[in-house]
Amino acid sequence: MEQALESAFDSQSDKSAIAEAFGKAAKTYDAHAAFQRDVGHRLLQHIPNDLSGKTILDVGCGTGYFSQQLSQRGAKVICLDLSKGMLEAAHQRCGDVGFTYQLGDADSLPLANDSVDMVFSSLALQWCDDLSVPLREMRRVVKQNGLICFSTLLDGSLHELKQVWMKIDSYQHVNDFISCNQVKIALAQSGCANHSLDLPTITVWYDTAFSLMRDLKGIGANHVSGRAQGLTRRKSLIQVEQAYQELRSHQGLLPATYQVCLGVIHL
């Protein structure tokens, strides 16, 4: 019982830290989110162009970029995010007509059963401890014959950055991500039997390692679970930059590779 309470406390504490990191990044997010937009647009390709009369929940809406895209297809959109700062940015982008805003956690959606036609969630679910929990929640709130479209990151994402840091110190600087098999297990556990998965590998190219790390910080993805704070000194960042040079391409660019899972669930 004590261990369970400690685990719950740690998880809640981690969620608060994640919300704080993204809240701080609300004003800089859009300038650093080219990869996130790429993934979200790939996910949009799995959704009908005409969403007239549909109510869609955007889980982890961030600054509302894809909430706006869904609205332009005719949908009424519920923008949900863990971060108050991100919700405020989404409200500023999207306005009030056709949108509602909800502070909330994907692990415990503040919506009634069978209340939306579709859930869209791009690159938010990797922040959940157990993917089956938000999937089960999404299934609960989506009506029969509805749709859940999600994207998340898989094991192997940012492996170059992780390998470089391992040469410099023994701390964890890059989050761990789940395997494709774990995604399939989560889908089975959440009762999402009718699904399809697309698994692209996307490489983003940078002039410097600093640019990559600036993007990660700029979108708020610099929170690393279990990492002590204040460990990243300038000297270490310079060492990262130097070590990353071994990976420079013939075009003179540095790779950041992402293993992406695009999931479509029919209910």
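Below is a table of values for the structure above.
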item	result
Some residue of the range 137-159 being assigned to a loop (DSSP other than H, G, I, E, B), in contact with a Phe, Trp or Tyr (Cβ under 8 Å, 6 or more places away or on another chain), surrounded by fewer than 16 Cβ atoms within 10 Å (Cβ to Cβ) and at pLDDT below 95	no
Considering residues of the range 181-199 that are within 17 Å of the chain's Cα centre (by Cα) and not in a loop (DSSP other than H, G, I, E, B) only, the residue farthest from VAL264 (Cα to Cα)	GLN182
Tally of residues being part of a helix (DSSP H, G or I) and either more than 19 Å from LEU135 (Cβ to Cβ) or at pLDDT below 95 (or both) across the range 12-65	26
Leading residue by the ranking (nearest to the chain's Cα centre (by Cα)) among those in the range 66-84 that are surrounded by 21 or more Cβ atoms within 10 Å (Cβ to Cβ), assigned to a helix (DSSP H, G or I) and not aliphatic (A, V, I, L, M)	PHE66
When residues of the range 233-248 are limited to those that are in contact with a strand residue (DSSP E or B) (Cβ under 7 Å, 6 or more places away or on another chain) and either farther than 12 Å from VAL164 by Cα or not hydrophobic (A, V, I, L, M, F, W, C) (or both), the one surrounded by the most Cβ atoms within 10 Å (Cβ to Cβ)	TYR244
Selection status of ASP129, in contact with a helix residue (DSSP H, G or I) (Cβ under 8 Å, 6 or more places away or on another chain), closer than 16 Å to HIS266 by Cα and assigned to a loop (DSSP other than H, G, I, E, B)	no
Pairs where the first residue, in the range 7-23, is over 16 Å from LEU125 (Cβ atoms) and the second is at pLDDT 90 or above and surrounded by fewer than 16 Cβ atoms within 10 Å (Cβ to Cβ), C-beta under 8 Å, 6+ apart	GLY23/LYS84
Residues of the range 136-154 satisfying the condition of being under 14 Å from the mean Cα position of the chain (by Cα) and not small (Gly, Ala, Ser)	CYS149, PHE150, THR152, LEU153, LEU154
Filter pass, ALA34 being in contact (Cβ under 8 Å) with a residue 24 or more places away in the chain, under 19 Å from ARG93 (Cβ atoms) and aliphatic (A, V, I, L, M)	yes
Looking only at the range 192-208, and only at residues there that are aliphatic (A, V, I, L, M) and surrounded by 12 or more Cβ atoms within 10 Å (Cβ to Cβ), the one that is farthest from LEU44 (Cα to Cα)	VAL204
Meets criteria (at pLDDT 95 or above and under 17 Å from the mean Cα position of the chain (by Cα)) for ILE178	yes
Residue within the range 41-54 that is within 21 Å of GLN126 (Cβ to Cβ) and of a type in the set (Gly, Ala, Ser) present	no
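Residues are listed down the side, and each one gets a yes or a no for (1) among the charged types (D, E, K, R); (2) under 15 Å from the mean Cα position of the chain (by Cα); (3) surrounded by 18 or more Cβ atoms within 10 Å (Cβ to Cβ):
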| site | (1), (2), (3) |
| --- | --- |
| LYS24 | yes, no, no |
| THR28 | no, no, no |
| ALA90 | no, no, yes |
| GLY95 | no, no, no |
| GLY98 | no, no, no |
| VAL116 | no, no, yes |
| ALA124 | no, yes, yes |
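The values are calculated or read from the model by the stated rules, or taken from the named source; none is laboratory data. Source: prediction; values computed, not measured. Don't worry about glycine lacking a Cβ; one is built from the backbone with ideal geometry, like all the others, and counts go over all protein chains shown.
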